[in-house]
1. For residues that are closer than 20 Å to LYS21 by Cα, outside any helix (DSSP H, G or I) and free of Cβ contacts under 8 Å to residues at least 24 places away in the same chain, tally how many sit in segment 31-63.
2. Looking at segment 64-74 only, could you name the residues that are surrounded by 13 or more Cβ atoms within 10 Å (Cβ to Cβ), in contact with a helix residue (DSSP H, G or I) (Cβ under 7 Å, 6 or more places away or on another chain) and either without any contact (Cβ under 8 Å) to a residue 24 or more places away in the chain or not β-branched (Val, Ile, Thr) (or both)?
3. Could you check, for segment 25-43, whether at least one of its residues is under 21 Å from LYS79 (Cα atoms), at pLDDT below 95, exposed (fewer than 13 other Cβ atoms within 10 Å of the Cβ) and polar (S, T, N, Q)?
4. I'd like to know if segment 47-58 contains one or more residues that are in contact with a Cys (Cβ under 7 Å, 6 or more places away or on another chain) and modelled with pLDDT of 95 or more.
Amino acid sequence: MKKLFLLFCIACLLLTGCFGKAIESKCAEDLNSENVETRIKAARKLGDVATPEAVRLLLLHEDDEDYRVKQAVKEALKKIDKRTFLN
């Protein structure tokens, strides 16, 4: 039973890592979209992911031409900072 549980935990960790990278690469593409709403959603998703790669992507786009995207990026970075502080 312990071996099965351990195998399940390892599988979950591997899957989480794979999906996290897929989300980050999708968000990286979305942050370069011409659609403002798409860029805002991508910034919010990266705030939820809260990985070093997410922070890097957000910092690259904190000077977006649209003020709403800038605000979403700032909020995402604050959310990540708050989660890091609380953990």
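1. First, the residues of segment 31-63 that are closer than 20 Å to LYS21 by Cα: 31-33, 38-61.
From what is left, the residues that are outside any helix (DSSP H, G or I) are 32-33, 50-51, 61.
Narrowing the set further to residues that are free of Cβ contacts under 8 Å to residues at least 24 places away in the same chain leaves 32-33.
Number satisfying all stated conditions: 2.
2. So the first thing to find is which residues in segment 64-74 are surrounded by 13 or more Cβ atoms within 10 Å (Cβ to Cβ), and the list is 64, 68-74.
So of that shortlist, the ones also in contact with a helix residue (DSSP H, G or I) (Cβ under 7 Å, 6 or more places away or on another chain) come out as 64, 68-69, 72-73.
Once the filter is applied, which keeps residues that are surrounded by 13 or more Cβ atoms within 10 Å (Cβ to Cβ), in contact with a helix residue (DSSP H, G or I) (Cβ under 7 Å, 6 or more places away or on another chain) and either without any contact (Cβ under 8 Å) to a residue 24 or more places away in the chain or not β-branched (Val, Ile, Thr) (or both), segment 64-74 yields ASP64, ARG68, ALA72.
3. The answer is yes, given that some residue of segment 25-43 is under 21 Å from LYS79 (Cα atoms), at pLDDT below 95, exposed (fewer than 13 other Cβ atoms within 10 Å of the Cβ) and polar (S, T, N, Q).
4. yes
The values are calculated or read from the model by the stated rules, or taken from the named source; none is laboratory data. This one's a predicted model, so the numbers in the text were calculated from it and none came from an experiment. Note: ideal-geometry Cβ built from the backbone for every residue, glycine included; neighbour counts use all protein chains shown.
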